[in-house]
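What follows is a short report on a single structure.
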Amino acid sequence: MSYRSIVEEAQKTIQPNTSWNGIEAEAVARMRLQNRFRTGLDIARYTARIMRQDMEAYDRDPSQYTQSLGCWHGFIGQQKLISIKKHFGTTDKRYLYLSGWMIAALRSDFGPLPDQSMHEKTSVPALIEELYTFLRQADARELGMLFRDIDKAREAGDELRERKLLQQVDSYQTHVVPIIADIDAGFGNAEATYLLAKKMIEAGACALQIENQVSDEKQCGHQDGKVTVPHEDFVAKIRAIRYAFLELGVDDGIIVARTDSLGAGLTKQIAFSHTPGDIGDQYNSFLDCEEIQPGTHLNGDVVLMRDGKLMRPKRLPSNLFQFRPNTGADRCVLDCVNALQHGADLLWIETEKPHIEQIASMVDRIREVIPNAKLVYNNSPSFNWTLNFRQQVYDAWQAAGKDVSAYDRAKLMSVDYDTTALGIEADERIRTFQRDAAARAGIFHHLITLPTYHTAALSTDNLAKEYFGEQAMLGYVANVQRQEIRQGIACVKHQNMAGSDMGDDHKEYFAREAALKAGGAHNTMNQFAAV
């Protein structure tokens, strides 16, 4: 609906109620436009449609991949989207990622925790709700500034500017974008997964990412000691999430099935198998076993039949069973195919390094069965990107017979290599990694899990060094405030960002000429009026 039609609709509601004196239709219309999304389910349905459209666009053209950055606070997510709109003019194909790692490290009442599902699971939907609260406020703030400009144009009698501003309102693009939210391994059994999924969807999540680790043994994907579950256990949780989406009427909801099998060498369970060759039998076929003779197994031993032979899986003192070495890629492919055949929409393969051909070698095999298989990929800060790509270039050059004697492969991280031909080529490969991986390895969505964890640490370190050192206040002014002003960072007007001007608008709606507004002549934010 257009701005004018919303005003007219509000007027029809107000007019018969003669006691509603002082209620203005245009003010009501503005408040409605500033609160386009009434519930989290409104957001989930809206963003799910966007994500489905983006997936279809990627299937037609792999250059149309999507991106996101991880968040641990609503303000961080809001600033990302404000920055995207400022620099690119559109939020198209840019999402937010909600990282379980960052919730554990930064949002738990227990204090900083490792990524092992020990944090309160209620903190996950709470952060989703918080992120969307901040994004909706970004909409309200930006629209409020447009409304003020409309009033100024009217006061000046500038009808042409008023029409242009009204067109901007009618074509306004929201800051609300899809969030891919990390539900870890489900925080329990399938029922627990279902209950948490509902809360996350009700908070606004349209895409949930779940991994195939054992819930009570869950580890960060880039650490050791990961333990996977049989496929039927994982499929039960995928179904639980789908039921949650369907129950809540988010029929387009997206499930991202993550496999940690590439780096997981352990399992807690022997899979149940109905017949030879079924999914349980395939899972068990990767177990590291030793042949035994009938009657020689000990009390409590688990034994399997494999190719007519009696086999005893190797059991560790932890009571876990181990897989055969070098089977991770094969297990990843089986995980992915089975997940897509049982309701997942996207895949996530957790790798130990960013290597396009390693990823593509698995995706090629998956696509032999599921031709439109697509991945979400973690461009993780756990990778040493500089070292990895310099080593990849070094190895490629060496394999091609190129002289690499000027480089020490063990010391390629050195600043001495920054401006060398090898360093420059490695940086170019990093720059084009997302584009090239989208085209070659089926990656629909590229994310960085922990970017703002690291940027907050780096910027705080630099500020502390300057402010508490010789630069003192100049350390803040020169490196923060002056840069905010010159780069047009909206937060330099921090009162405005916190909603002060919107509060003034409401005071005027409610109290009219008696309104006591904060944005008067003595508000120090007026020092930044030109920003």
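The values are calculated or read from the model by the stated rules, or taken from the named source; none is laboratory data. Please read these numbers as outputs of a predicted model, since none were measured by experiment. Cβ: placed from backbone, ideal geometry, glycine included. Neighbour counts: every protein chain shown.
Observations, loosely collected:
- Checklist (1) touching a Phe, Trp or Tyr at 6+ places or on another chain (Cβ under 7 Å); (2) among the hydrophobic types (A, V, I, L, M, F, W, C); (3) part of a loop (DSSP other than H, G, I, E, B) applied to residue 521, failing item: (1)
- Pairs with Cβ under 6 Å, 6+ apart, first in the stretch 326-355 and surrounded by 20 or more Cβ atoms within 10 Å (Cβ to Cβ) and in a helix (DSSP H, G or I), second of a type in the set (D, E, K, R) and at pLDDT 95 or above: 333/365
- Restricting 381, 371 to those that are surrounded by fewer than 20 Cβ atoms within 10 Å (Cβ to Cβ) and at pLDDT below 95 reduces the list to 381.
- Residue 450, sole failed condition from (1) surrounded by fewer than 20 Cβ atoms within 10 Å (Cβ to Cβ); (2) at pLDDT below 95: (1)
- Filter pass, residue 426 being buried (at least 18 other Cβ atoms within 10 Å of the Cβ), among the small types (Gly, Ala, Ser) and more than 19 Å from residue 261 (Cα to Cα): yes
- Positions within the stretch 109-148 being part of a helix (DSSP H, G or I) and charged (D, E, K, R), in sequence order: 129, 130, 136, 139, 141, 142, 148
- Residue 301 being loosely packed, with under 15 Cβ neighbours inside 10 Å, more than 14 Å from residue 228 (Cβ to Cβ), of a type in the set (D, E, K, R) and free of Cβ contacts under 8 Å to residues at least 24 places away in the same chain: yes
- Within the stretch 64-86, residues that are farther than 13 Å from residue 131 by Cα and free of Cβ contacts under 8 Å to residues at least 60 places away in the same chain have Cβ atoms under 8 Å from residues that are surrounded by fewer than 17 Cβ atoms within 10 Å (Cβ to Cβ) and polar (S, T, N, Q) in these pairs: 84/90, counting only partners at least 6 apart in sequence or on another chain.
- Every residue from the stretch 94-108 that is buried (at least 23 other Cβ atoms within 10 Å of the Cβ), assigned to a helix (DSSP H, G or I) and in contact with a Pro (Cβ under 6 Å, 6 or more places away or on another chain): none
- A count restricted to the stretch 481-505 and to residues that are in a helix (DSSP H, G or I) and either in contact (Cβ under 8 Å) with a residue 60 or more places away in the chain or touching a Cys at 6+ places or on another chain (Cβ under 9 Å) (or both) stands at 8.
Okay, residues lined up against (1) in the same structural domain as residue 100 (by TED's automatic domain parsing); (2) closer than 19 Å to residue 349 by Cβ:
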position: 384; (1), (2): yes, no
position: 393; (1), (2): yes, no
position: 408; (1), (2): yes, no
position: 422; (1), (2): yes, no
position: 425; (1), (2): yes, no
position: 438; (1), (2): yes, yes
position: 441; (1), (2): yes, yes
position: 462; (1), (2): no, no
position: 476; (1), (2): no, no
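- Per-region count, the stretch 408-439, residues in contact (Cβ under 8 Å) with a residue 40 or more places away in the chain, more than 20 Å from the chain's Cα centre (by Cα) and more than 15 Å from residue 385 (Cα to Cα): 2
- Only listed residue being surrounded by fewer than 24 Cβ atoms within 10 Å (Cβ to Cβ), under 23 Å from residue 309 (Cα atoms) and among the hydrophobic types (A, V, I, L, M, F, W, C), chosen from 244, 271: 271
- Some residue of the stretch 114-128 being under 16 Å from the mean Cα position of the chain (by Cα) and closer than 19 Å to residue 79 by Cβ: yes
- Hey, residue 394 surrounded by 12 or more Cβ atoms within 10 Å (Cβ to Cβ), over 24 Å from residue 358 (Cα atoms), at pLDDT 95 or above and among the hydroxyl-bearing types (Ser, Thr, Tyr) or not: no
- Matching option when the condition is surrounded by fewer than 24 Cβ atoms within 10 Å (Cβ to Cβ), out of contact with any Ser or Thr (no Cβ under 7 Å at 6 or more places or on another chain) and among the small types (Gly, Ala, Ser), among 204, 249: 249
- Residue match in the stretch 398-410 (condition: touching a Gly at 6+ places or on another chain (Cβ under 9 Å), crowded, with 16+ Cβ neighbours inside 10 Å and not in a strand (DSSP E or B)): no
- Qualifying residue in the stretch 27-45 (condition: hydroxyl-bearing (Ser, Thr, Tyr) and in a helix (DSSP H, G or I)): no
- Extreme residue, farthest from residue 345 (Cα to Cα), among residues of the stretch 198-219 that are part of a loop (DSSP other than H, G, I, E, B) and out of contact with any Lys or Arg (no Cβ under 6 Å at 6 or more places or on another chain): 218
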